[in-house]
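Computed from the coordinates by the stated procedures, all read-outs in this text should not be read as laboratory data. All of these numbers come straight from a predicted model, not from anything done at the bench. Heads up, the Cβs are rebuilt from the backbone with ideal geometry, glycines too, and the neighbour counts pull from every protein chain shown.
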Amino acid sequence: MNEKTGLVMEGGAMRGIFTAAVTDVLLEHNIRLDGAAAVSAGATFGCNYISGQRRRALRYCIKYRLDPRFCSVLSLICTGDMFGANFCYHTLPEKLDPFDNRSFVQSGIPFYIVATDVETGKAVYHRCPVLKNEELEWVRASASMPLASRIVRVGGYALLDGGITDSIPLRFMQEQGYERNVVVLTQPYGYRKTASSAIPAMRLKYHAYPKLVHAMARRHHVYNEQLEQVAAAEKAGTAFVIRPPRTLPVGHVTHSAATLREVYAIGRKTALKALPKLKEFLGEQ
């Protein structure tokens, strides 16, 4: 029986453009893996790998970067979401820059979304059979950053950002039977997460969800433990890690086209440099 190889994509808001560049390079070189698990921006941008839509993420981020419906403080004040829920997860993929659902389905590649249940403070994993209608709400939930987004209610859950509980879902993919995995990170080697300075504000806003607050307070510990798991898998030869060579020159939000292009260029350069060893890892000639 052939081994299954998965793709694991962490989030990071606009650092996700790095991931979009990496997956574009994979598509250009006809590297199609057997399944994918994605979190937050890894999901919003990584879904284009499944549908085969190269450069789509960069294209719409640049085109709509100054549109207040896309991402703005005005949107946060008026709707409760910094990244406009209706615009980003319905108007844009359904009308303005259509997501190719037919190709997504025909690919046959399972696509798993990670979100966080605010009631239990635990990760929820959902396989998206298609990305339209209610399924797009799962993507929105996965990318709904605390304090900058409303809680998303879908599938009987109340959800926020998957990165709170499982930023790097390598273990999940291993449990699904993916013996080997390509892991795309958006932080450089040696990075370690520290406790969030926003915890007091989170305690205030989410006082009705104590298990969520507890999960957020422990997030840095969980993330750093996951980095150790990734390192162990990499050493064992069961994971191939692609990460930026240095801290990416972008925060959670940017309205600079030049910055978006720079991050994308770093992702492309990194992926192209890794390509020979990646093909060796995948057993290609």
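Of the beta bridges in the chain, as assigned by DSSP with both residues counted there, near 45 percent are antiparallel.
Expressed as a fraction of 2.2 N^0.38 Å, the rule-of-thumb size for a compact globular protein of N residues, what is the C-alpha radius of gyration of the chain? After normalising by residue count via 2.2 N^0.38 Å, the value is 0.93.
Working from Cα pairs under 8 Å separated by at least six residues, relative contact order for the range 128-285 is 20 percent. Length gained on full extension, residue 257 to residue 74: 63.9 nm, using 0.36 nm per residue less the C-alpha separation. Under the convention that each Lys and Arg Cβ holds +1 and each Asp and Glu Cβ holds -1, the size of the dipole of the chain around its Cα centre is about 660 debye. Computed over the chain, the per-residue total of -39500 (n - 2.57) for DSSP H runs of n ≥ 4 gives a 222 nm mean residue ellipticity of -12500 deg cm²/dmol, rounded to 500.
When only Cα pairs below 8 angstrom with a gap of at least 6 residues are kept, the range 160-249 shows a relative contact order of 46 percent. Relative contact order for the chain: 26 percent, from Cα pairs under 8 Å spaced at least 6 residues apart, divided by residue count. Between residue 193 and residue 133, with labels modelled 7 Å along Cα→Cβ, what's the label distance in nm to one decimal, could you check? About 3.4 nm, to one decimal. When you count the other C-beta atoms within 10 angstrom of each residue and take the mean per peptide, 190-203, 44-57 line up highest first as 44-57, 190-203.
Add +1 for every Lys or Arg and -1 for every Asp or Glu among the other residues with Cβ under 10 Å from the Cβ of residue 114, and state the total. Net charge in that neighbourhood comes out at -3. Note on the chain: dipole from Cβ charges, positive end direction compared against 80, 214, 133; the farthest Cα belongs to 80. For the range 151-228, the share of alpha carbon pairs falling in successive 5 Å distance bins from zero is 3, 13, 20, 21, 18, 15, 8, 3, 0 percent.
Each residue of the range 53-133 gets 118 Å³ once the volume of the Cα convex hull is shared out per residue. Shown is the FRET efficiency for residue 273 and residue 3, computed with R0 = 35 Å from the Cβ-Cβ distance and rounded to the nearest 0.05: 0.90. When every Cα-Cα distance of the range 1-141 is counted in 5 angstrom steps from zero, the calculated P(r) takes the values 2, 10, 19, 24, 21, 13, 7, 3, 1, 0, 0 percent.
Between 71, 169, 91, the Cα set farthest toward the positive side of the dipole of the chain (charges on each charged residue's Cβ, about the Cα centre) is that of 71.
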